[in-house]
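Notes follow the structure.
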Protein chains: 2
Amino acid sequence: MSRTIAILGGTGPAGVGLALRWARAGETVVVGSRSVERAQEAVAKIRERAGAGAKVTGEENAAACAGSDLLVLTVPFEGQAALLKQLKPAFRPNSILIDATVPLASSVGGRASRMLGVWQGSAAQQAAELVPKGVTVVGAFHNASADVMNGDDPVECDVLVCSDDPEATKVVMELAAKIPGVRGIDAGKLENARIVEQITALLIGLNIRHKGHGGIRITGLPETSYRSS
Amino acid sequence: MSRTIAILGGTGPAGVGLALRWARAGETVVVGSRSVERAQEAVAKIRERAGAGAKVTGEENAAACAGSDLLVLTVPFEGQAALLKQLKPAFRPNSILIDATVPLASSVGGRASRMLGVWQGSAAQQAAELVPKGVTVVGAFHNASADVMNGDDPVECDVLVCSDDPEATKVVMELAAKIPGVRGIDAGKLENARIVEQITALLIGLNIRHKGHGGIRITGLPETSYRSS
């Protein structure tokens with residue numbers, strides 16, 4: 001299996017956390033950044049943690065995007081639209097873009113425990129409007145704490161996967177299940193990202209209030225609803 | 001302790017489930033309804049399940065409201081504003097109103113997995129605008145499955161409590177912890193009900209998709225953040 005996961009805007013805590021976890025799971029990961037140097041700095045840190053055998057490299061965002069058909073977007077919301085517009089010519093046809101963006105009010109100087117209203121309903125739906133035709137957007141990986149993702153313990157969090165393409169949902173649920181502790185759950189259509197994104201603001205509020213690293217678990221669904229490692 | 005919990009609009013599955021669980025915990029509960037007869041029918045069913053010693057009675061909503069300073073509102077969203085306006089003269093000063101209303105799109109013929117936009121931000125904030133001055137609104141009990149609440153098993157769900165009054169939050173967390181399996185969590189200000197209410201729509205969508213009775217757990221907070229029985 002020669003699949004490469006490209007994490008665009010991947011040098012922040014969210015991107016590095018995912019890269020670290022997938023590298024440890026043996027996946028081939030490309031960290032994308034505005035600058036190759038920053039990407040390679042992030043890669044060096046990931047290799048240190050995941051071991052020298054980790055298949056992680058760093059590239060400029062456009063090169064990372066052009067080199068893979070399994071993409072993850074982990075930028076702050078204020079950078080999402082600009083990056084997607086810039087990358088438009090770089091997308092491979094039929095690629096999957098996993099959008100983990102959360103429209104926190106902190107994007108415009110507000111609180112990270114509050115949300116912005118996005119015209120399309122969610123950051124994921126905004127992404128769907130900005131990618132070329134044929135690219136499938138999947139909303140996922142919004143809720144797991146970046147601190148926990150960047151640690152060594154299992155991640156006590158379910159990943160709710162929203163997409164209008166059941167095959168893409170399946171791929172992303174499998175990627176989620178590569179992270180110890182995580183369970184992937186099919187949360188239905190892309191529009192449901194409206195709610196899943198907001199849960200992040202709720203968890204950030206809980207973290208501030210209770211000094212924790214909150215995550216969520218969905219209880220009460222049949223075992224077959226969950227994809228775990 | 002002579003506290004009485006009045007559940008207004010309490011003859012539906014959400015109200016009966018709470019009444020049943022609190023009756024079993026030894027609390028004194030009044031089920032309110034538009035008609036005394038319907039309230040008493042609900043009470044008969046609750047007594048059958050909770051035992052003859054259960055301290056549950058039925059009353060018309062206004063009488064139930066006037067007779068207690070610990071109130072719970074469990075009506076469909078389309079009935080919330082009208083009931084609160086009707087009850088306005090009945091509220092005791094300094095009472096606590098726990099609002100469990102969720103503005104599901106099904107209130108206006110849409111899907112129960114989608115939400116309505118509420119001008120005030122959430123049903124709980126709408127309630128706060130409609131109650132007399134001095135009444136404290138607390139948003140809570142949105143997410144636990146009514147089916148599970150009406151059963152005999154522990155309820156695998158956390159109750160996120162939102163209020164601008166820390167003392168009221170404490171009271172409601174304690175009420176939550178009376179239900180086996182439930183943990184009460186201080187989720188901060190009333191405005192956070194915006195997100196907590198939406199989680200219900202997400203869970204309803206998951207229930208439809210996966211044929212389950214979904215609930216949520218918050219992971220990763222210190223033990224002291226949770227109030228459980």
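Between the range A:77-111 and the range A:112-136, how far is it from one alpha carbon centroid to the other, in angstrom?
Taking the Cα centre of the range A:112-136 as reference, the centre of the range A:77-111 is 8 Å away.
Could you tally the net charge around B:S68, taking each other residue with its Cβ under 9 Å from the Cβ of B:S68, Lys/Arg +1 and Asp/Glu -1?
In short, +1.
Which whole-percent values make up P(r) of the range A:43-99 when all C-alpha to C-alpha distances are grouped in 5 Å steps starting at zero?
It works out to 4, 17, 23, 21, 18, 11, 6, in whole percents.
Would you mind checking the radius of gyration and Dmax of the range A:137-229 based on alpha-carbon positions, in Å?
12.8, 39
Would you please classify the overall shape of chain A from the alpha carbon gyration tensor, given that a ≥ b ≥ c denote the square roots of the eigenvalues, rounded means a/c under 1.5, and beyond that prolate means a/b larger than b/c while oblate covers the rest?
rounded
Based on the Cβ-Cβ distance of B:R34 and B:D164, what FRET efficiency does E = 1/(1 + (r/R0)^6) give at R0 = 30 Å, to the nearest 0.05?
0.50
Could you pull the copy-to-copy label distances for B:S229, with points set 7 Å along Cα to Cβ, in nm to one decimal and sorted shortest first?
3.6
Please list B:E174, B:E129 from largest to smallest accessible area, probe radius 1.4 Å, with all protein chains kept in place.
Largest to smallest exposure gives the sequence B:E129, B:E174.
Could you work out how far apart the two model spin labels at B:E78 and B:E223 are, taking each label as a point 7 Å from the Cα in the direction of the beta carbon, and quote it in nm?
So the label points at B:E78 and B:E223 sit 4.8 nm apart.
Could you list the residues of the range A:179-201 with an amide nitrogen less than 20 Å from a label point located 7 Å from the Cα of A:A105 in the Cα-to-C-beta direction?
A:194-201
Straight-line reach from A:K85: which lysines fall under 24 Å, measuring Cα to Cα and dropping same-chain residues less than 8 apart?
A:K133, A:K189
How far apart are the A:E129 label points across copies, placing each 7 Å from Cα toward Cβ, in nm, shortest first?
A:E129 label point versus its equivalents elsewhere: 2.6 nm.
Tally the DSSP beta bridges in chain B and give the antiparallel ones as a percent, rounded to 5.
If we restrict to bridges inside chain B, about 20 percent are antiparallel.
Nearest 5 is fine: what % of DSSP beta bridges in the protein assembly as shown come out antiparallel, could you say?
25
In nm, what does the list of distances from A:A105 to its counterparts in the other copies look like, shortest first, when each label sits 7 Å along Cα to Cβ?
Label-point separations across copies, in nm and ascending: 2.5.
With only Lys, Arg, Asp and Glu charged, each at its Cβ (+1 for the first two, -1 for the last two), find how big the charge dipole of the protein assembly as shown is about the Cα centre; round to the nearest 20 debye.
80
Give me the extension gain from A:N94 to A:R49: residue separation times 0.36 nm, minus the current Cα-Cα distance, reported in nm with one decimal.
Roughly 12.9 nm would be gained on extension.
Can you grab the distance from the C-alpha centre of the range A:48-62 to the C-alpha centre of the range A:155-229, Å, no decimals?
25
Around A:V148, what is the net charge, scoring Lys/Arg as +1 and Asp/Glu as -1 over all other residues with Cβ under 12 Å from its Cβ?
Net of charged neighbours comes to -3.
Sum up the charges of everything whose Cβ sits under 10 Å from the Cβ of A:I204, counting Lys and Arg as +1 and Asp and Glu as -1, but leave A:I204 out.
+3
If the reach is capped at under 21 angstrom between alpha carbons, list the lysines near B:K55, excluding any in the same chain fewer than eight residues apart.
Partners within reach: B:K45, B:K178.
Name the nearest-to-axis residue of chain B, judged by Cβ distance to the rotation axis taking chain B onto chain A, and quote that distance in whole Å.
For the rotation taking chain B to chain A, the closest Cβ gives B:R217, 2.
The values are calculated or read from the model by the stated rules, or taken from the named source; none is laboratory data. Predicted model only: the values in this text are computed from it and were never measured. Neighbour counts are summed over all protein chains in view; Cβ atoms, including those assigned to glycine, are modelled from backbone coordinates with ideal geometry. Only protein heavy atoms, including side chains, enter the accessible area calculation; ligands, DNA and RNA are left aside. Shrake-Rupley method; radii C 1.70, N 1.55, O 1.52, S 1.80 Å.
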